[in-house]
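Here's the structure we're looking at; comments come further down.
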Amino acid sequence: MQMQVTEIEQEVRNFLTEKFLFGSSEPLDDDTPLLGNVIDSQGVIELIVFVQERFGITVEDEEVIDNFASLKSTVSFIEGKLLGK
């Protein structure tokens, strides 16, 4: 079953909100830089583990910097990986 981009976005947004923003209803903008604003370096690792386990994809070390910069880039990366399977 193919996941819709909105489903991917909602799952990643929920994870970030619950894990790092402590359920804050403050909107997480699609282009807000994640590192330093929402998550720290440990948070990046937690996000990558979540993405790999939830979506069944592999994230290579060299893919992290560009693809986990914002919610928008993370969702786009996951979508591309899922389409490439």
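The values are calculated or read from the model by the stated rules, or taken from the named source; none is laboratory data. Note that the coordinates shown come from a computational prediction; the quantities given were computed from them, not determined experimentally. Cβ sites come from the backbone with ideal geometry, for glycine too, and all protein chains shown count toward neighbours. The area values use the complete protein model at the heavy-atom level, side chains included, leaving out ligands, DNA and RNA. Shrake-Rupley method; radii C 1.70, N 1.55, O 1.52, S 1.80 Å.
Here are the numbers:
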read-out	value
Value of [θ]222 nm, deg cm²/dmol, for the chain, DSSP H segments ≥ 4, -39500 (n - 2.57) each, nearest 500	-18000 deg cm²/dmol
Relative contact order for the chain, counting Cα pairs under 8 Å that sit 6 or more residues apart, in percent	37
Separation in nanometres of the label points that stand 7 Å from Cα toward Cβ, at GLN4 and LEU83	1.7
Percent accessible area from carbon and sulfur atoms, the stretch 1-72, protein chains only, probe 1.4 Å	49
Within the chain: Cβ-based charge dipole about Cα centre, in debye rounded to nearest 20 (Lys, Arg +1; Asp, Glu -1)	220
Net length gained if the chain between ASN14 and THR58 were fully extended (0.36 nm per residue, minus Cα distance)	13.8 nm
Tail fraction, Cα-Cα pairs, the chain, threshold 16 Å, whole percent	46
Probe 1.4 Å, accessible area per residue of the chain, Å²	63
